[in-house]
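Have a look at the structure below before the remarks.
Nothing in this text is a laboratory measurement; each read-out follows from the coordinates by a stated rule. Note that the structure is a prediction, hence the values are computed from the model and not measured. Here Cβ is always computed from backbone atoms with ideal geometry, including for glycine, and neighbour counts include all displayed protein chains.
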Amino acid sequence: MIYPDLSEPLPRSTCPLCQKPTVVAFRPFCSRRCADIDLGRWLSEEYRIPSTENLPPPLEDDIKNNTEQEYD
């Protein structure tokens, strides 16, 4: 079995952050630095996936409403 050279750039593929050639070990990024920057953006919620669904009310409101109904 032949293993790929993990430090070699991939052909025609560029890093989504800095546009340098992509490296197999950090694909789709060119380096650990760009991969970490991207992860940091996800964790700090700079990237968000839009949603159109309505979120349920907080659980605390449900508990309060149920308790009030029992005593009415």
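Data table
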{"quantity": "5 angstrom amide H check on Ser13, placed H, neighbours 5+ away", "calculated": "Thr22"}
{"quantity": "Arg27/Ser51 FRET efficiency (R0 22 Å; Cβ-Cβ; nearest 0.05)", "calculated": "0.20"}
